[in-house]
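Bear in mind these aren't lab numbers, they're just calculated from the coordinates by the rules spelled out. Note that this is a predicted model, so its numbers are computed, not measured. Every residue, glycine among them, receives a Cβ derived from its backbone with ideal geometry; neighbour counts consider all protein chains shown.
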Amino acid sequence: LDHVVLLLPYQDILHPPSWLTDHFVISEGGRHADGKTENRLVLFEDGTYLELIAFIDDDPQHREGHWWDKPFGVVDYALTTSDPSFGELSGIIARLSNTDTGVSYDTPRDGGRKKPDGQELKWRVTFPTGTDRGSVPFFCHDVTPRNRRVPVPERSHPSGVVGMAGILVEV
């Protein structure tokens, strides 16, 4: 597991509510390269994180046609790997084509964001096709060093949580 994406109102990104701050240390995120979304992060010691994301200014034009144009709440989740060649998904796509699920994956596309300190982060994401977003994982492959995107938390969370053991998807 890499991270879970939680869509919030934009004001909750700018000024996180107490139901978050009473339990978690919230780290700076930044604006995504598409200029439509901004995030903050809840980083865990095990290397997973909760991405708190919002459409900038809750602008309906930013939502229109976006894969996370959904009601507020958990909207997606990502897996990752330390294998730098993992973006070559021909084997996975071939195996999926032998199933009757209709699920496959696009080729990886570039993504990124700029941190508040100006540091540029880059990654490649591989999104599923043939299904609703959030019903199966997408993949996030780091281009810049992972510890820039997911730094080790500087202090522990008030709740004592240290990570996410997994995710349960009910069908």
Practice prompt. Return the Rg/Rh value of the stretch 1-97, two decimal places, where both radii are evaluated on C-alpha atoms and Rh is the Kirkwood radius.
Written response: 1.03
Discussion item. Under 5 Å between amide hydrogens, which residues at least 5 positions from Gly29 or on another chain qualify, with H placed 1.01 Å from N in the peptide plane?
Written reply: Leu41
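Tell me what the chain gives for mean residue ellipticity at 222 nm when only DSSP H runs of n ≥ 4 count, each as -39,500 (n - 2.57), the sum divided by the residue total, rounded to 500 deg cm²/dmol. Before the final figure, lay out each step's value.
Details: 5 runs with 25 residues, N = 171.
Counting only the DSSP helices, I get -3000 deg cm²/dmol.
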Item to complete: Can you pull the one-decimal nm distance between simple spin-label points at Ala165 and Thr107, each 7 Å off the Cα toward Cβ?
Response: 4.1 nm
Discussion item. Using a 10 angstrom Cβ neighbour count of at most 16 plus a DSSP loop assignment to flag exposed GluC sites (Glu not before Pro), which longest range of the chain is free of such sites?
Written reply: 89-153
Worksheet item: What spacing in nm lies between the two simple spin-label points modelled at Ser156 and Asp46, each 7 Å away from Cα in the Cβ direction?
Response: 1.6 nm
Item to complete: Would you kindly compute the Cα radius of gyration of the chain and its largest Cα-Cα separation (Dmax), both in Å?
Response: 16.2, 48
